[in-house]
Amino acid sequence: MPASLTNFDVVVLAGDIGGTNTNLALIGKKGGTFTQLIDRHYRTKDEVSLSAPLGRFLEEARRELPGIRPELCCISGAGPVVDRRIELTNAPWGIDARDIERDFSLQTRLINDFTAVSYGVILLDPANPDQITRLRHCDGSSPEPGPGVRAVVGAGTGLGVGYVVRIRDRTEALPSEGGHITLPAYDDETRGFQRWLEGRYGFVPGAEAGVSGQGIANLFAYLAESALARGEELGPAAAAALERPPEERPALVSAASGTDPTCARAMELFVQLYARVAADLTATFLPAGGVYLAGGIAAKNEPLFARGDRFMAMYERSYAKHIRVLLAKTPVMIVKDYAISLYGAANAAVELA
């Protein structure tokens, strides 16, 4: 019997490959419990393919966990799976399951990144504050998740959307490209931002262009350029951020949002646009099981979402009364565990094997 099976029913090599980070872990499953045994994190754009960091990780795991060997592999990536391959939407290389099977002799499955997050959501307890933050509605209520669809929306480097449904006797997580629905503009400022993006892209922009890490960079650039065009002077933090490459700006803008007015407004608009996207997806999926805000940005900026009903006040708005009623009774939660994609990949490996 393989050594890994003495303590676990199965050990999975799980991966979460995004435009910014490549996260790898060995996760053991015993009964219904998943346990992370070892994890490592690499910068995606520093690598030329997945094979090199995967090989380094497995070598480290062999040294640190002698006798533990993965039996399955599941890798999630930011993009659709076509013919067992993912062409990453925000990274310079792709992932091919056949290459992993050839190089590492592991049965491998590829899934969309938000399918992995959705499989991770299945494992969460909405009543556990260490895993979930419940956002209160404007009337102070906090609806309980019920049976039905669970919608997962997550801004990271890009904007991911997935959903969880019950099909006959099993729960399944399904992918979506909902992050590319049209960016919702709702006033003169956001319509100006939409036109500014259209000038860049040559067509009306998708939601990801405003609700993601690149979206924060876009919002900041639009606000800074508009201020300079009006003859206004930027604060020191905004001026410094504008000198940096676009991929470095989201973290700088977020960090300065408590002191710099341009950065603060960029983050306010980001949260409000996020709310509008979540509201549109609520009307689409009718998620009685709740809306889960995943991805690193919400978890790292939780106070911006809760402060003064900033998110929920915009989320609950609609021209239609019955949609306002729907939004007011839908649970909205922030996923706090950033490792959810890895646990979700491990869960998918087992469920789909």
Cα convex hull volume per residue for region 83-223 (Å³): 185
Net charge, Asp130 excluded, C-beta distance under 12 Å - Lys, Arg +1, Asp, Glu -1: -1
The chain: angle of helix 261-285 to the longest principal axis, Cα-based, in degrees nearest 10: 60
Per-residue ³J(HN,Hα) for region 242-247, Karplus 6.51 cos²θ - 1.76 cosθ + 1.60, θ = phi - 60°, Hz, x for Gly and Pro: 5, 7, 8, x, x, 5
Extension gain from Glu177 to Glu247, taking 0.36 nm per residue of separation minus the Cα-Cα distance: 23.0 nm
Principal-axis tilt of helix 213-229 within the chain, Cα atoms, nearest 10 degrees: 20
Protein accessible area in region 224-299, 1.4 Å probe - carbon and sulfur %: 55
Using a Förster distance of 56 Å, the FRET efficiency for Phe203-Ile122 (Cβ separation, nearest 0.05): 0.95
Local electrostatic count, Glu316, Cβ distance below 14 Å [Lys/Arg +1, Asp/Glu -1]: +4
Per residue solvent-accessible surface (Å²) - region 215-276, probe of 1.4 Å: 44
For the chain, diffusion coefficient by Stokes-Einstein and Kirkwood Rh (Cα), 25 °C, 0.890 mPa s, µm²/s: 116
Model label zone, Arg43; criterion: amide N under 14 Å from point 7 Å along Cα-to-beta-carbon; scope region 127-156: none
10 Å-binned pair-distance histogram of region 67-142 (Cα, whole percent): 17, 32, 25, 18, 7, 1
Accessible surface, region 88-196, averaged per residue in Å² (probe 1.4 Å): 46
Value of D in µm² per second that Stokes-Einstein yields for region 284-353, Kirkwood Rh from Cα pairs, at 37 °C (0.692 mPa s): 233
Within-15-Å neighbourhood charge of Ile27 [Cβ basis; K, R +1; D, E -1]: -2
Relative contact order (%) - the chain, alpha-carbon pairs under 8 angstrom, separation at least six: 20
Rg to Rh, two decimals, where region 114-165 supplies the alpha carbon set and Rh follows Kirkwood: 0.98
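The values are calculated or read from the model by the stated rules, or taken from the named source; none is laboratory data. Since we're looking at a predicted model, the values are computed, not measured. Virtual Cβ from ideal backbone geometry, glycine too; neighbours counted across all protein chains shown. SASA here: full protein model, heavy atoms, side chains in, ligands and nucleic acids out. Shrake-Rupley method; radii C 1.70, N 1.55, O 1.52, S 1.80 Å.
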